[in-house]
Every structure is written in structure tokens, then in C-alpha cells.
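Notes to accompany the following structure.
The values are calculated or read from the model by the stated rules, or taken from the named source; none is laboratory data. On a predicted model such as this, the values are computed, not experimentally measured, just so you know. Glycine also receives a Cβ, built like all others from the backbone with ideal geometry; neighbour counts cover every protein chain displayed. With ligands, DNA and RNA removed, areas are computed over all heavy atoms of the protein, side chains included. Shrake-Rupley method; radii C 1.70, N 1.55, O 1.52, S 1.80 Å.
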Amino acid sequence: MKSLGFVFQSAPHGSSSGREGLDAVLATSAYSEDICLFFIGDGVFQLLANQQPGQILCRDYIATFKMLDLYDIENIYVCRQSLSERCIEDSELVIEADVVDQADITTKLHQCQRILSF
């Protein structure tokens, strides 16, 4: 069976798409075991540790990404170039993820049956 791909490409807290994407991932995990998450472009900010959304009166949903392990979601890919362009180190991410090149992300996205973008 081909996997479902969830692409996070927008920064957190500027819109609700990141939170909605995370909710969709967690809900889908009840029906499918083959889920892949991709963080590209500004989406890498979704995983940045030590955010303070309360300062702008937003809910802190970033910590919920730590629950992905409990839902057996292990295929998590972060774009190396996106991290580099935004001066973010792997160690600054709130969860463990595979940091891969854009070509690897493209290959893995082509292996997904359906792709949802947030």
C-alpha cells in the first residue's frame, strides 16, 4: 500500500494551517499506518523548539509534534536546504526527524498515494 503524505510548508502561528495539518495527521493515524510527513520551506519552523506563541496570543501546538511517536508516525522528513536557508540546526528541532535533500523528498513524495499540503 502506498503511503499518505502530509506536507508542511507554512510557518506556524501566522495561520491555522500548521495546527490543522497536525490535527489531520493525528486523526488519519487511526485509519492508516503508512503516513509520511514532510517539512519544506517555511514549514521547517513548525518543528523549531523554544517558540513562545503566547506572546502573540496563540495556542502552543508545537509541543504536540512530540506525540507523533505515540501514534507510530515515524516517517518524518525535513528538507536540509530549507533548514540551511533559515539558519536552523538539526539540534534545534523539537522532534527527531530525517534531514534529507530536496531530491530525496521529491522521490519520497512520488511514492505517496495522496498528498495533503498545509
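Tabulated data
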{"read-out": "Selected residue (criterion: farthest from MET67 (Cα to Cα)) from residues of the stretch 24-42 that are over 14 Å from the mean Cα position of the chain (by Cα) and in a helix (DSSP H, G or I)", "value": "THR28"}
{"read-out": "Single match in SER84, SER91 (criterion: hydroxyl-bearing (Ser, Thr, Tyr), at pLDDT below 95 and either loosely packed, with under 13 Cβ neighbours inside 10 Å or over 14 Å from the mean Cα position of the chain (by Cα) (or both))", "value": "SER91"}
{"read-out": "The lone exception for TYR61 - which of (1) farther than 21 Å from ALA11 by Cβ; (2) in contact (Cβ under 8 Å) with a residue 40 or more places away in the chain it fails", "value": "(1)"}
{"read-out": "Candidate set from the stretch 24-53 (those that are touching a residue at least 40 places away in the same chain (Cβ under 8 Å) and among the aromatic types (Phe, Trp, Tyr)); member that is surrounded by the fewest Cβ atoms within 10 Å (Cβ to Cβ)", "value": "PHE45"}
{"read-out": "The stretch 29-57, residues that are under 19 Å from LYS108 (Cα atoms) and modelled with pLDDT under 95", "value": "SER29, SER32, GLU33, ASP34"}
{"read-out": "Boolean, ARG114 is part of a strand (DSSP E or B) and not hydrophobic (A, V, I, L, M, F, W, C)", "value": "yes"}
{"read-out": "Selection count where residues are outside any loop (DSSP other than H, G, I, E, B) and open to solvent by less than 40 Å² (accessible area, probe 1.4 Å), scope the stretch 54-63", "value": "1"}
{"read-out": "Top-ranked residue in the stretch 1-23 [being open to solvent by 30 Å² or more (accessible area, probe 1.4 Å) and either of a type in the set (Asp, Glu) or not in a loop (DSSP other than H, G, I, E, B) (or both); ranked as farthest from PHE45 (Cα to Cα)]", "value": "LEU4"}
{"read-out": "Among (1) modelled with pLDDT of 95 or more; (2) assigned to a helix (DSSP H, G or I); (3) crowded, with 17+ Cβ neighbours inside 10 Å, the one test that LEU109 misses", "value": "(3)"}
